[in-house]
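A.B. asks: Encoded as structure tokens, here's the structure I'll be asking about.
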Amino acid sequence: MWFRIDFHSSKPIYEQIKEKIKLLILSGKLKEGEFVPSIRYLAEDLGVNLNTVARAYRELVREGVLEVRRGEGYVVSKVNLEKIRTQLETELKKKIEDCKKAGIPLERILKVAEEIYRGDAR
Amino acid sequence: MILRVKDLKKFYGVKAAVDGIGFEVEKGEIFAILGPNGAGKTTTLKCITGLRKKDSGEIELNGTFTYLPEEKKLYPHLRVKEIVDLFEKIGKNFNEKNCLEILERYRIDLNEKVTNLSHGMRTILYLSLVLSENVDLYILDEPTWGLDPIVRNEILDHIRSLTFEGKSVLYTSHVLAEVEKIADRVAIMKEGKIILTGNLDDIKSSYGLVVSKKDLNGYLLKTLKSGEKVYLVEKEEIPEGVEIEDATFEDIFEAIVRGERNDR
């Protein structure tokens with residue numbers, strides 16, 4: 001598991017880690033019952049601090065995305081995909097509001113959505 | 001808790017170089033002190049290490065420490081090997097093998113005289129010595145001074161890996177990009193005082209930028225050509241409906257250090 005962390009972003013690093021892991025689960029790249037890397041390995045691979053990864057995992061456990069296997073590590077829980085999807089939809093809503101403010105017509109947004117979804121089906 | 005500093009004061013003449021600061025460093029944590037030149041960062045470290053006598057306050061250190069000074073001087077006429085031998089004698093739990101490995105990786109000739117090394121090489125030499133000591137707390141003053149970006153990243157990784165063994169790091173820097181990569185918690189110093197401290201991720205998420213014609217409760221970041229002003233405001237204090245731009249750590253640092261605060 002590897003992804004880019006943007007250290008200069010205003011988004012906290014632990015939040016970035018949480019989001020990326022959720023996306024990996026949604027896209028099916030991380031499956032229920034699968035182990036995620038240990039805190040230390042992920043910290044080393046991403047080049048972030050132990051405390052930061054520990055915080056991301058802790059919060060993912062609290063949100064029911066990961067669970068602790070004593071002495072073994074962290075596994076992906078039986079995730080409530082619907083909940084993660086709702087979060088993503090909230091973000092999309094914000095973006096669409098920005099587009100609306102920018103004067104982008106509905107038709108164009110629908111067209112983009114269509115293109116993305118059709119491209120997916122191919 | 002490995003280090004606790006409470007109400008520390010240090011005067012140079014009548015001027016307070018360190019003016020009543022306090023902070024704690026936890027085990028396994030990287031704590032960064034940053035701030036503009038002359039803020040009192042180095043003096044703080046010197047008081048902790050005992051190189052300067054504090055005028056008042058408390059310093060509680062629970063464990064062993066080592067120190068990388070701001071000026072990476074060492075003995076200019078000794079050869080690298082002689083310096084390593086010296087550390088073998090005076091260093092704290094010094095791991096010579098580890099030190100020699102670092103020197104080899106960066107191709108520093110053991111027979112070279114210190115005076116012939118470049119700034120960056122001298123920093124690497126000093127780091128190889130200090131990081132090869134086995135202590136509880138590593139106090140590092142500008143540890144990446146003079147290093148090129150690739151070496152700097154490797155050194156930052158090395159510093160981070162110390163915490164994997166439960167070590168703690170207290171360091172100073174004025175390179176924000178570096179602090180963002182490595183610090184768990186930060187304290188921003190200005191004129192001898194700590195003006196902002198906390199977990200770096202928490203600091204990032206607690207501030208936003210607001211553009212306004214009116215004066216706002218916050219720190220001025222910049223004035224626009226239109227006369228409107230950009231303020232750094234704590235998100236909690238921003239009324240609903242007001243548009244918030246994201247604030248980077250650089251914005252936060254700049255606005256708070258400049259310190260043009262408007263309190264309505």
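The values are calculated or read from the model by the stated rules, or taken from the named source; none is laboratory data. The structure presented is a predicted model; accordingly, all values stated were derived computationally and were not measured. Don't worry about glycine lacking a Cβ; one is built from the backbone with ideal geometry, like all the others, and counts go over all protein chains shown. Note: accessible area is taken over every heavy atom of the protein model, side chains too, but ligands, DNA and RNA are not part of it. Shrake-Rupley method; radii C 1.70, N 1.55, O 1.52, S 1.80 Å.
A.B. asks: Might you let me know whether region B:41-59 holds any residue that is in a strand (DSSP E or B) and either open to solvent by 60 Å² or more (accessible area, probe 1.4 Å) or hydrophobic (A, V, I, L, M, F, W, C) (or both)? I'd like the intermediate steps shown before the answer.
C.D. replies: Filtering region B:41-59 for residues in a strand (DSSP E or B) gives B:56-59.
So of that shortlist, the ones also either open to solvent by 60 Å² or more (accessible area, probe 1.4 Å) or hydrophobic (A, V, I, L, M, F, W, C) (or both) come out as B:58-59.
Scanning region B:41-59 turns up at least one residue that is in a strand (DSSP E or B) and either open to solvent by 60 Å² or more (accessible area, probe 1.4 Å) or hydrophobic (A, V, I, L, M, F, W, C) (or both).
A.B. asks: Related question: Name the residues in region B:184-199 that are within 14 Å of chain A (Cβ to nearest Cβ) and crowded, with 22+ Cβ neighbours inside 10 Å, would you? Explain how you work it out, then say what you get.
C.D. replies: First, pick out the residues of region B:184-199 that are within 14 Å of chain A (Cβ to nearest Cβ): B:184-186, B:198-199.
The answer is B:Asp184, B:Val186.
A.B. asks: Still on this model: Are any residues in region A:47-66 among the hydrophobic types (A, V, I, L, M, F, W, C), buried (at least 20 other Cβ atoms within 10 Å of the Cβ) and away from chain B (no Cβ under 11 Å), and if so, which ones?
C.D. replies: Taking region A:47-66 and keeping what is among the hydrophobic types (A, V, I, L, M, F, W, C), we get A:48, A:50, A:53-54, A:56, A:60-61, A:65-66.
Those left that are additionally buried (at least 20 other Cβ atoms within 10 Å of the Cβ): A:48, A:50, A:53, A:56, A:60, A:65-66.
Scanning region A:47-66 gives A:Val53, A:Leu60, A:Val65, A:Leu66.
A.B. asks: Anything in region B:219-264 that is within 14 Å of chain A (Cβ to nearest Cβ), open to solvent by 20 Å² or more (accessible area, probe 1.4 Å), in a helix (DSSP H, G or I) and out of contact with any Gly (no Cβ under 6 Å at 6 or more places or on another chain)? List them, or say none.
C.D. replies: Hits for region B:219-264 are B:Glu250, B:Asp251, B:Phe253, B:Glu254.
A.B. asks: Pick from region B:62-88 the residues that are under 28 Å from B:Gly13 (Cβ atoms) and open to solvent by 50 Å² or more (accessible area, probe 1.4 Å): which of them is farthest from the chain's Cα centre (by Cα)?
C.D. replies: B:Lys73
A.B. asks: Return only the number of the condition from (1) more than 8 Å from every other protein chain (Cβ to nearest Cβ); (2) more than 15 Å from the chain's Cα centre (by Cα); (3) outside any helix (DSSP H, G or I); (4) surrounded by fewer than 16 Cβ atoms within 10 Å (Cβ to Cβ) that A:Pro37 does not satisfy.
C.D. replies: That leaves (4) as the condition not met.
A.B. asks: Being surrounded by 19 or more Cβ atoms within 10 Å (Cβ to Cβ), modelled with pLDDT of 95 or more and more than 16 Å from B:His158 (Cα to Cα): is that true of B:Val130 here? Before the answer, list the steps.
C.D. replies: Values: surrounded by 19 or more Cβ atoms within 10 Å (Cβ to Cβ): yes; modelled with pLDDT of 95 or more: yes; more than 16 Å from B:His158 (Cα to Cα): no.
No.
A.B. asks: A further question on this structure: I'm trying to understand the selection: among the residues of region B:133-183, which are farther than 21 Å from B:Lys46 by Cβ, within 10 Å of another protein chain (Cβ to nearest Cβ) and crowded, with 17+ Cβ neighbours inside 10 Å?
C.D. replies: Residues satisfying the conditions are B:Leu156, B:Arg160, B:Thr163, B:Leu176, B:Glu178, B:Glu180, B:Lys181, B:Ile182.
A.B. asks: Which of the residues that make up region B:60-89 are of a type in the set (Phe, Trp, Tyr) and assigned to a helix (DSSP H, G or I)?
C.D. replies: Residue satisfying the conditions is B:Phe87 alone.
A.B. asks: Which residues, counting only those in region B:89-103, are over 27 Å from the mean Cα position of the chain (by Cα) and within 17 Å of B:Leu131 (Cβ to Cβ)? Lay out the reasoning, then the answer.
C.D. replies: Here is the first cut: in region B:89-103, the ones over 27 Å from the mean Cα position of the chain (by Cα) are B:89, B:97.
Residue satisfying the conditions is B:Lys97 alone.
A.B. asks: Please find, within region A:1-31, the residue that is farthest from the other protein chains (Cβ to nearest Cβ) out of those that are of a type in the set (D, E, K, R) and surrounded by 13 or more Cβ atoms within 10 Å (Cβ to Cβ). First the steps, then the outcome.
C.D. replies: Pass one, region A:1-31, residues of a type in the set (D, E, K, R): A:4, A:6, A:11, A:15, A:18-20, A:22, A:29, A:31.
Next, from what is left, pick out any that are surrounded by 13 or more Cβ atoms within 10 Å (Cβ to Cβ): A:11, A:15, A:18-20, A:22.
Details: A:Lys11: 7, A:Glu15: 7, A:Lys18: 11, A:Glu19: 13, A:Lys20: 15, A:Lys22: 17 Å.
The qualifying residue farthest from the other protein chains (Cβ to nearest Cβ) is A:Lys22.
A.B. asks: Mind checking which residues of region B:5-36 are of a type in the set (Lys, Arg) and open to solvent by less than 40 Å² (accessible area, probe 1.4 Å)? Lay out the reasoning, then the answer.
C.D. replies: Within region B:5-36, the first condition is being of a type in the set (Lys, Arg), and the residues that meet it are B:6, B:9-10, B:15, B:27.
Listed by number, the list holds a single entry, B:Lys10.
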